[in-house]
1. Counting pairs of alpha carbon atoms under 8 Å apart in space and at least six apart in sequence, what relative contact order in percent does region 833-942 give?
2. Between Asp905 and Asn867, what FRET efficiency comes out of the Förster formula 1/(1 + (r/R0)^6) with R0 = 60 Å and r the beta carbon distance, rounded to 0.05?
3. Against the 2.2 N^0.38 Å scaling, with N counting residues, where does region 312-434 land? I'd like the Cα-based Rg ratio to two decimal places.
4. Based on other C-beta atoms within 10 Å, arrange Val456, Val973, Val562 from fewest to most.
5. Past the 26 Å Cα-Cα mark, which pairs from Lys521/Lys685; Lys991/Lys1060; Lys1048/Lys1075?
6. Along the Cα-to-C-beta direction of Thr579, a point sits 7 Å from the Cα; which residues of region 435-457 have their amide N less than 19 Å from that point?
7. Taking θ as phi - 60°, what are the ³J(HN,Hα) couplings along region 526-535 by the Karplus curve (6.51, -1.76, 1.60), each to the nearest whole Hz, with x for Gly and Pro?
8. Within region 856-989, what is the number of lysine pairs with alpha carbons under 27 Å apart, leaving out pairs fewer than eight places apart on the same chain?
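We did not get these values from a lab; they are worked out from the coordinates using the rules stated. Values in this document were obtained by computation on a predicted structure and should not be read as measured data. Methodologically, a virtual Cβ is constructed for each residue, glycine included, from the backbone with ideal geometry; neighbour enumeration extends over all protein chains shown.
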Amino acid sequence: MRWTKTRPKIGLVHAAALVLVVLVSDVLAQKDCTGTNRGWLTNGADKGVHPTGLFGPLGLHGEHIMASEVSSTTVQIRVSEVMYNSTTEGWKYNIDGGMTQTGSSSYNPFKVGGNGDLKPVSYYPERLYKVNIICTKVCAFLASFERGTRVDSVNESDVDKRAALQVGVNTGHVGVTATGVKAYRGISNYTSTVNDMPLATTYELYWEAPSFSEINYEGLDLRVSVVEDNTATCAGKFYQYTLPSLLTCGDGIKDDLEECDDRNTVNGDGCSSDCKIEVGYTCETKKDVLHGTGERDTFNREYVRSYCTKAEIYVDVLGGNGVYNKTTPLVVTEGGEATFTVLLSTTVKPGKEVFVSLLATTEDGQSAAGQIQMSKSSLRFDSTTAQVAQPIIVTAIGNNFRDGNRNIKIKYTVSSTDENYALASHPDTTVAITDDDVASLAYTTPENFIVMEGGVGVDFEVKLTAQPYGTVVVTFSGLPDSQLMLTPNQLAFGASDWNVQKKVSVVAIDNKVVEGKTAVKIRPTITAPGDVAYEALNSQAAAGDWDIPVQVEDNDTPGLVVTPTAISIVEGEAQHYYTVALRSQMQSGAEVSVTPTVNNCLAPCAFRARGGENRTLETLTFSEHNWDVEQKVYVTYDENDMVEWRSSDKPKLAGTKVFTIEHSTVSSDPLYNSLATHSAMWPYKVTVNVTDNDIPGVSHPEVVTLTEGGTGQDGQGLAEIDFPMKLLSRPTDKVEVRLSIQDPRVRIYEKFMVASPAYNVSAQGDAATITWQPEEWGTTRIVRLRAMFDDSAQKPDVLVGMHIVSSSNDVLYDKVVEKDIVITIKDNDVAKVMLTTPSGGSVANLEVTEGGSMTEFEMYLNAVPDNDVTLKLTPSAQLEVSPSTVVFTPQNWSNKVSVQVKAVDDALVESVKHQGLVRFELTGGTPSYTNVKVPDLSVTVNENDFVTVTRSIGTFGGIISPTEPSGAVILNVPGGVLNSTLNIKLEESEKPLGETVLGSKETISGSQNTYERVSGTYSFQPHGQTFKAPVYITIQYSEQLWVNEFTKSQVQNRLVFLKKDSDTDPEWKVVSGGKFSNGVATLATTSFSLYKVVIEKDPAKPPESIAAAEARMAGGLAGQDVAKCINGFELASTGSGSTCGFKFNDEITTQNNIEVTKEKDVDEYRISVLVIILLSAVGLEAFIILGLIISLNAKKAEGGSTVGSNAIVPVDNPAHNNALVSAKIP
């Protein structure tokens, strides 16, 4: 092993030295031992082994041969530790030489032997030692450190036990790597018989002690065989010394190389017999408590030892005092809770965890889930929380059963990734539950249980403390029973109501005997068949253990019962009274007279206290028959008109006065005759608080509202109302009330007094004076208030103040009223701009025609403005107005101004009826017209420009329809109808109609029918153009006109097409075959003409229902089916007829000169038709491109020459086909 400067510090391991002084005296041999003859001649070929017997030349040398022959050779063997000296930064030997060293050097803590030799005590693993062999004569040697018994063989197992030595001759050895098994001197090879190496008298050998893991605590034998270099005798001897290890297991000193040392070599206590930490324990090195601070052993080692702790869980049930008793139970009362804590006894290895699961069971191992609840059922610990106590709250689940005290077991299961806790466990923790359900009675009584004879009952409550096994009946009785009445006196408790409080009312029996205070008891009797615990209570009850003490207050004392003792009345009221009765019965045959007397009322007294229903009795009489019957005493104060008492805090208002009534008695019963000395309540006073009902004041309306120009009709307010006034009480002198108004918009007028021919009212428009003499105080006087009319629009309502003040020599009435009344005037003038026709009608239906005459409307204001109002009129692009600005002044605001409206004649083709707007901007007229807005005026404009559409259509066909009005007319030319391109012109000659007015009326020669237009009239050019197959014309008509006319007509009506062959044709002709539904008419034709839709009225036929008419016009189809066919392009199923009059056909069909075919993909057709209709407004080019695409798709069909992806075959009525029909090109 290579040593470095980090070897153990000086002083940690004590140096040791061995000095062996041996005086060798061996038998001299007869053979020469020098030169090449030197060698170890032992037992044949086993060279290099310490001999156990004879050795040397001829085998004559050994320990015991010729012991009497003493050799002159003295051998010293020293062993010392080589230690690092930090002062000289180098290695230093701790032996300075000489046998006389006493070991006083700090480098040499030798133990001195008995003969004065310095002897080493021990070695320390992996440290470096020097072995000195010193002979007084030249010698050869064999040296080794070995374990075990000395042997004569050199087998490998024996050789491995020998520690390494290296021979050196210098004393400056630094760092030794020992490679040999033995060290020799005098031979070059221990297997050689030749001893040819140079010899010496002093040798230095270096030895590194084995590692602790290799040798543990074993001692080592230093074995040395020495031979004197003597040519004559070759004297030799074997030396052996056992060197013990400095480390000793169980000595109570923990070394760094040891895992633990607990001062014993006992297994099972955490530190094993070889000082290894046992699994399931942790050990901590601390100062040994058996030694004092700083105390050290002979090798200067401090006394520190291992204290080992078993890895287990600790449970504390004693409230966190740190005492962990495995047998102490956790005590908890049923319905309550208790806490215990769990922690680990020692640490957990870093990165490891310990889990503790808790399970509550009964003592027989069943689940205790219904008995207790734990706040935690599992705990986790790691290296940071191992010794942190975790609390668990245990709640004993309450119940109503007397199930007794019982124990629950909490079992612990530990699992851990730390091997120390892998087998940890803890005995079950006992939870001792105390049953709180005990058979008993629970009373709830008043704090002072006192009942009054003749008084109301006082309640106490009873319930059981635990559920009974049957019915428990508790019967209560009074002791003595003559004093108390108990209601009810018997209570029954069962399983469902045992814990319900049940009341017992206790009433003291009124025995009319003067007894004073009496102490009584209430005693229960308990019966509970089948329930031993409750049945046992009865014996306790019989002994008085369950008695309830009650005190009875005697009510039998002489005295009066006066109720109430305080009354409040108002002057003139007569219904108030109090009652008087005797408190106890008088002597037999005696009577008691009670007289009420008013104390503080001066004559003539208006206050009365009289008994009897007739209120005339001045004295009440009681006998032994009615002594306890209450007699009424009525109290009144005579009505008057005067204010008698003034309020103390408000002198102008009436106040109150308190009168006192006292009572005296006269009787032959001495107790009642001298009641003043027998009753503390004497003289039984009653106080009466009388309120004067005469209050000074003037009554009048507080809210006045007038409406300007109002008549009271149709919810309007009144422009004129009465204002009545009256005095509230009689004054002592004349009273005048003056009303005054400063605002001219309200005037005051006189009106006759209601109850007297005398007026006593004087009014001058802005003021009025009303007078009352004292005797007239109850008379109502009235003045008239009137709102003056104007044309000004006031916003908001006008508020006018009217001042009222009274004057009189009676101080109570002088200025008893002095206030302002607010009069609200509702204005009938609303600021608004009025628009009418010249005839005064509504402007909602104004209508003008492009290029036609003008129309007009009129404007004016409905209320006078505060200043000029300017109205600016701005028409939209469709209209012109004149004038464009109108000004109203406060003088001409009601004059009507005429405004002319004319339609702008433009060249645009617009809707038949479209709208124009006139906008108004109002300025001025503030404030009444500030927020007035004039709505826009809408004017209907009739279009005078006719639609013309020109388009070239080729053999692929196409659709022509004007964009304005959209969909009013559609021309559909199917593909294949034209052999070449044709320029087609669609021209509007009459506009479509609205919903109210029919168009021109036509007659036809030879027919009595009349025809009235309901659609626009359209010309299809070139006139007279014919086609080899039908083209389809769709015209919108006014459905509302048709329905209106049909409903009111008295003849048969139907819708038909009329046509002219040209513009010059003088007469219209009826066209058959048209289809009509929901405002859409469709016609199939093979020539171009002028067309329109009309109502045909046949006077020779009676009217019919509109449903029948529509079905007839649709060729037998219902109206909704016609609409569906025209608008929805219905496709019938393959091989079946369609309700729309066309169907798909799997075969090529010729009908109406059109060859058609059916494709398989119906969806493709739907898409094609929709796209074509959308592109109809784009132009023919789109149809040509789309047609090419469709024709490519059509090649998939058998025959491969159709145009379009699908075909619709017009079966019955080609006019139904309102979509593009793909057809073969002839």
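1. On the way: 248 pairs, mean separation 37.3, N = 110.
Result for region 833-942 is 34 percent.
2. Numbers: r = 40 Å, r/R0 = 0.67.
With a Förster radius of 60 Å, E is 0.90.
3. Working: Rg = 14.8 Å, N = 123, 2.2 N^0.38 = 13.7 Å.
Dividing the Cα radius of gyration by 2.2 N^0.38 Å gives 1.08.
4. On the way: Val456 9, Val973 26, Val562 20.
Placing the least packed residue first, the sequence is Val456, Val562, Val973.
5. Details: Lys521/Lys685 38 Å; Lys991/Lys1060 17 Å; Lys1048/Lys1075 23 Å.
Flagged as over cut-off: Lys521/Lys685.
6. Answer for region 435-457: 452-457.
7. Residue by residue, region 526-535 yields 10, 10, 8, x, x, 10, 5, 5, 6, 5 Hz.
8. Values: Lys872/Lys896; Lys872/Lys902; Lys872/Lys913; Lys872/Lys933; Lys896/Lys933; Lys902/Lys913; Lys902/Lys933; Lys913/Lys985.
Qualifying lysine pairs in region 856-989: 8.
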